[in-house]
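Values in this text are rule-based calculations from the coordinates and carry no lab data. Not measured: the values here are computed from a predicted model. Ideal geometry is used to build each Cβ from the backbone, glycine not excepted, and the neighbour counts take in all protein chains shown.
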Amino acid sequence: MSHASVFSPADLPWPSARPVPRPNRGDGWNILADIEVFIFAVEAELEAMDRERVGVHRRGCKPNHGLRRRVIGLIWMLTFGGMQWRIAGLLSGIPFTTLHSRFARWSRLGLWRRLGQRLAFDWRLACGDEVLPSAVVVDSRSLRSAPSAWVRSFDGGKLVKGIKLFVVCDKHGSLLDLELHPANMDDRAGILPTLPRLAALGFEGDLLGDSGFKGAPFAEAALEHDIHVSVSPGGTRDGRFLPHEVRWVVERLFAWMRNYGAGGEGGAPS
């Protein structure tokens, strides 16, 4: 096979010049598991951010679109396959500083959060629902982490030394927002930063959670964003807490995130 016939992400046409690629799997959950779909989605979101003037290019610096697509492909490999950043840079010929600085800059600009929300809303429309949900589910999970990974602490209730992940999802289990804190963070304080971001999306509805989110101060803080907190340790006999078959979706979301956190090996983030 000649080198010219080998697929290269840099050879892809612009997102606006080609149709949206379809993933190989038809269930919708692993839509980003195909590299072409991932590159298309990231480039389309970057184009939208440029139109909104989010993250203006430095003066005199022309963007290298071929390099950008190679970086996006490497980020896909690091996310779904698992590899150390410096090794990926060494094998690809892209300096580690270029690779990691691009990823860090896009993270600061909120690219990955925007991308996840856009895909979640598209999935809701495909399922025949409204774009914005009428209720969201929140929960937290304490995870063990390596000392070099991030700031960590000890969760005395779960007996876990590491980090605590806070997620917000809809009834389909699609991730709408997340926060990462040390493991000793209180549930209400950890989820609090997501409230203004949900309000910025236009969400006004119920925030459903377990007893860790109970408390009048937290409920009042949510009401400032037209979000009503509904707390229960579980489903009630008359079904008042959560709609049927919805409570478990956040647990499934944690399972997916844990699986991808270690390159598909099912381990905790490190």
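What the table shows:
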{"item": "Percentage relative contact order, segment 50-202, counting C-alpha pairs under 8 Å, at least six apart", "result": "15"}
{"item": "Hits among aspartates and glutamates - C-alpha to C-alpha of residue 171 under 18 Å, sequence gap 8 or more where chains match", "result": "27, 122, 129, 130, 139, 204, 206, 210, 245, 251"}
{"item": "Charge tally in the Cβ shell below 14 Å around residue 71, where Lys, Arg are +1 and Asp, Glu are -1, residue 71 excluded", "result": "+4"}
{"item": "Under 13 Å, Cβ to Cβ, from residue 111 - net charge with Lys/Arg +1 and Asp/Glu -1", "result": "+2"}
{"item": "Prolate/oblate/rounded call for segment 31-174, Cα gyration tensor, a/c under 1.5 rounded", "result": "oblate"}
{"item": "Positive minus negative residues near residue 95 (Lys, Arg vs Asp, Glu; Cβ under 13 Å)", "result": "+3"}
